[in-house]
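Enquirer: Let me give you the structure first, and then I'll get to my questions.
The values are calculated or read from the model by the stated rules, or taken from the named source; none is laboratory data. For clarity, every value in this text was computed on a predicted model and none was experimentally measured. So basically every Cβ, Gly included, is an ideal-geometry build from the backbone, and we count neighbours across all protein chains shown. Note: accessible area is taken over every heavy atom of the protein model, side chains too, but ligands, DNA and RNA are not part of it. Shrake-Rupley method; radii C 1.70, N 1.55, O 1.52, S 1.80 Å.
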Amino acid sequence: MDYYILKLVVVAVVSWTAAFLFIRKIFPNRSFDFCNRLVSTTHAALAVTLTSLSVQDWRCPVCPLASNSSPLQMQTLAWTLAYLIYDLVCCLFDQRVNVDNTIHHLISIVGIGAGLVYEKSGSELVAALWITEISSPFLHCREMLKELGYRDTGLNLTADVTFAAIFTFARMVCGPYLAYLTLSARNPVIIKAMALGLQLVSAFWFFKIARMVKYKLAKWTSKKAA
């Protein structure tokens, strides 16, 4: 790993932490989770923007496969690695450890870290980042709306359904295709393991989300019928 990238990761961890502390100061009456979700939403927007800018050829967004990472891809991955480290520690301080989310973070940290060390597989890694983060703003929006007093409202249901639809398309349509490309290309074994691990976690979350949407729609229908 280039020294510049290592330094960028350290600076980015400090930056994400400072952003969280700043938000906590601005919104002292909001919960720890609410403030962290604002940081997470900011990261998602930044990640989707940087990954989109780093695509070398939109006719084949994941090309070239198993190639050396470009400088922009390395920087994008460094910012996300830093965010994942910050968020993992932040969740521990919140004292609400979610096992599947922790596994997702650890898989991502190891995979992205390996990509930065090898300086390879940049196309596959930024594509995976785009797929995993495109639905994140809606995930955080639906949770923040509850704290703002919009639980069980039409607005919250819209956020739920929108999140579920984008997650399903990204993780269960684009995700398996990217996993296949990553596994079939000449990528390092650890990158292939990350691709498989993330897809398994995504499939697990998909079934949980489908069950959640089914429950929410049934609840909304019965509420309207009453």
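Enquirer: Mind checking the per residue accessible area of segment 5-104 for me, 1.4 Å probe, whole number of Å²?
Expert: Per-residue accessible area for segment 5-104 comes out at 53 Å².
Enquirer: Then there's this: Post the alpha-carbon centroid distance, segment 188-226 to segment 103-162, in whole angstrom.
Expert: The distance from the Cα centre of segment 188-226 to that of segment 103-162 comes to 13 Å.
Enquirer: If each of residue 204 and residue 219 carries a label point 7 Å out from its Cα toward its Cβ, how far apart are those two points in nm?
Expert: 2.4 nm
Enquirer: All other residues with a Cβ under 9 Å from the Cβ of residue 43 taken together, and with Lys, Arg as +1 and Asp, Glu as -1, what is their net charge?
Expert: Values: positive: none; negative: 87, 133.
Every neighbour counted, the sum reads -2.
Enquirer: To continue, here is another question. Using the Cβ atoms and a cut-off under 11 Å, what net charge is assigned to the surroundings of residue 74, where Lys and Arg are +1 and Asp and Glu are -1?
Expert: Values: positive: 120; negative: 2, 119.
Overall, the nearby charge balance is -1.
Enquirer: Counting only protein heavy atoms and using a 1.4 Å probe, what share of the accessible area of the chain belongs to carbon plus sulfur, as a whole percent?
Expert: On the way: 8180 of 11850 Å².
The computed percentage sits at 69.
Enquirer: Let me ask something else. Residue by residue, what Karplus-based ³J(HN,Hα) values in Hz, rounded to whole numbers, does segment 4-20 have, using 6.51, -1.76 and 1.60 with θ = phi - 60° and x for Gly and Pro?
Expert: 4, 5, 4, 5, 5, 4, 5, 4, 5, 4, 4, 5, 5, 5, 5, 4, 5
Enquirer: Packing-wise, with mean Cβ within 10 Å as the measure, how do 160-170, 113-123, 99-109 rank, highest first?
Expert: Sorting 160-170, 113-123, 99-109 by mean packing, highest first, produces 113-123, 160-170, 99-109.
Enquirer: What is the set of long-range amide H partners of residue 120 at a cut-off below 5 Å, with H atoms built 1.01 Å from backbone N?
Expert: Under 5 Å from the amide H of residue 120 lie the amide H atoms of 69, each far enough along the sequence or on another chain.
Enquirer: Based on the alpha carbons, how large is the Rg to Rh ratio for the chain when Rh follows Kirkwood?
Expert: Working: Rg = 18.2 Å, Rh = 18.4 Å.
Rg/Rh for the chain comes to 0.99.
Enquirer: Computed over the Cα atoms of segment 49-111, what is the convex hull's projected area averaged over all directions, in nm²? Intermediate values should be presented prior to the final figure.
Expert: Values: hull surface 20.4 nm².
With the hull built on Cα positions only, its mean projection is 5.1 nm².
Enquirer: Would you mind getting me the FRET efficiency between residue 143 and residue 186? Use the beta-carbon distance for r and R0 = 45 Å, nearest 0.05. Please report the intermediate quantities before stating the final value.
Expert: Values: r = 40 Å, r/R0 = 0.89.
Efficiency, from the Cβ-Cβ distance: 0.65.
Enquirer: With all pairs of different alpha carbon atoms counted, what Kirkwood hydrodynamic radius in Å does segment 1-113 show?
Expert: 15.3 Å
Enquirer: Once the dipole of the chain is set up with Lys and Arg at +1 and Asp and Glu at -1 on Cβ about the Cα centre, which of 185, 112, 16 lies farthest towards its positive end?
Expert: About the Cα centre, the residue reaching furthest to the positive side is 16.
Enquirer: Another question, if that's okay. Treating only the Cβ of Lys, Arg, Asp and Glu as charged (+1, +1, -1, -1), what charge dipole size does the chain show about its Cα centre? Round to the nearest 20 debye. Mind showing how you got there, number by number?
Expert: Numbers: 21 positive and 13 negative charges, 159 e Å.
Around 760 debye, computed over the chain.
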